[in-house]
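Working notes, beginning with the structure itself.
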Amino acid sequence: MTFSVCQSVLSAEALSPLIAENYRQLGEIEACRFFYQGLNDIYQVHFGRAKYMLRVYRAGWRSNSEVLFEVAMLNHASEKGVEVARPVPRHNGQFFLEIAAPEGLRQAVLFTFAPGGEMRYNEEQALLFGRTVAGLHNALDTFYSPQVRFKLDLAHLLYEPLRLIEPLYRERPAQEWQYIEGLAGQLEAKLHKFEQQGLERGVCHGDLHLGNAHFEPETGRTTLLDFDCAGSEGWRAYELAVFYWASRERLEKVKHKAVWEAYLKGYVGERALNPLDLEAVPLFVALRQFWIMGIYARLGANFHYEALPEHYFGGFNNYLKKWEAGYFDL
C-alpha cells in the first residue's frame, strides 16, 4: 500500500541540477543547502560568490495566482526604491517553478539574498524599520495586479482561525471555548465601529516584524523579506499592530514604550498616520493572535497534534486575558 504524504522535505542534492538548469543565466551553481523550515521550506543557493534563497511553498499553500501577485508586489516595491529580497526570473522569464513532490505540486521561487542580519528591537533600529515600513506603504499605494490574492480581512484574521481552532477545544472545558468565542464577537463589534469611522486600507505585507527585515550596519541598509503573508487589501493599522505584537512580548514596558515611539517616529517621518489607525492598533494585536493560533492549528492538523501542547490552550487564553486587562494598550 502507498500512503499519501502531508509534507515532504525535498533533497537539496536533487534540487541542485533543477535550479542550475532553470537559472543558468546566473552562472554555475556551487552549492544548494536546506536552510530551514517554517511555513515554507527555504534553501540557500550559491552561484559563484553570489548567494540566493529559494523558497519552496507547501503543496496547496498558495495558488499560482497568489504567488504571481507576491512576485509583482515585490518587483513594484523594488522599482519604487524599497529594499526587498527580489524574485529572480528563470532563464525563460517566468518567476516560479512547479515541482512534483510526493504530496502534490509545489511552487518554488528564487530570491536575492538580503544582506546583513535580523534586526533588533532597539530604538535605533525600530526608527529605521518604521521608515522602511512607511516607504513600503507609500510604494504599495500605487500597486495593482490582476492576479487574485486573499485579503487580510475578518475572514482571514478571525473567522478562518476560529474554524480551525474550534475542533481542538472540543475536549477542553466548555467555558474555555465560550470565552474565546465571546471575545471574538467583541473584537468583531469593535472593528465594525472603527470601520464606520474610516480605517485606512491598502495592499499589506501582513507580517512586518523584525524577523522579516535584515539590517546591514556597514551601509545602514534595511531590506524587507518574506512577503508570503501579503494581502491584496488589508488594514494598515494591522501592519503596525504586527510590530507592536512582536515587540511587546519581548520587552519590558518602559523599554517597549521607547521602541514603539521610535518606530512611530520613523513611520510618521515618511508617511502621515491617521490617529484612528493608531487607536485601533491594540484591537489588531488581538486579531493577530487569533490569526497566529489558526496557523498553529493548521500546521498541527497537517503533521501531529504534539505540535499543539497544553500551553497552546492555556497560553492562548492567558494572552487574550492579558489583552482584556490592558497589557497591550498604547
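Laboratory data are not the source of any read-out in this text; all were calculated from the coordinates shown. None of these values were measured; they are calculated from a predicted model. Methodologically, a virtual Cβ is constructed for each residue, glycine included, from the backbone with ideal geometry; neighbour enumeration extends over all protein chains shown.
Table for the structure above
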read-out	value
Positive dipole terminus of the chain, leading residue within ALA280, VAL88, ILE292 (C-beta point charges)	VAL88
The chain - charge dipole about Cα centre, Lys and Arg +1 at Cβ, Asp and Glu -1, debye rounded to 20	180 debye
Region 118-324: Rg to Rh, with Rh as the Kirkwood radius over Cα pairs	0.97
Rg/Rg_ref, region 203-305, where Rg_ref = 2.2 N^0.38 Å and atoms are Cα	1.17
3J(HN,Hα) from dihedral phi, region 247-253, Karplus parametrisation 6.51/-1.76/1.60, rounded to Hz, x for glycine, proline	7, 5, 6, 8, 10, 6, 4
Residues of type lysines that LYS257 reaches as a straight line, Cα spacing below 18 Å, ignoring anything fewer than 8 places off in the same chain	LYS265, LYS322
Over 17 Å [Cα-Cα, region 200-255], rounded percent	48 percent
Per-residue HN-Hα couplings for region 74-84 [Karplus 6.51, -1.76, 1.60; θ = phi - 60°; Hz; x = Gly/Pro]	5, 5, 5, 4, 5, 4, 8, x, 7, 6, 9
For GLU103, residues with placed amide H under 5 Å, excluding near neighbours	SER8
Alpha-carbon centroid distance for the pair region 185-210 / region 150-169, whole angstrom	15 Å
Cα Rg, Dmax (largest Cα-Cα span) when computed across region 12-113, Å	13.1, 40
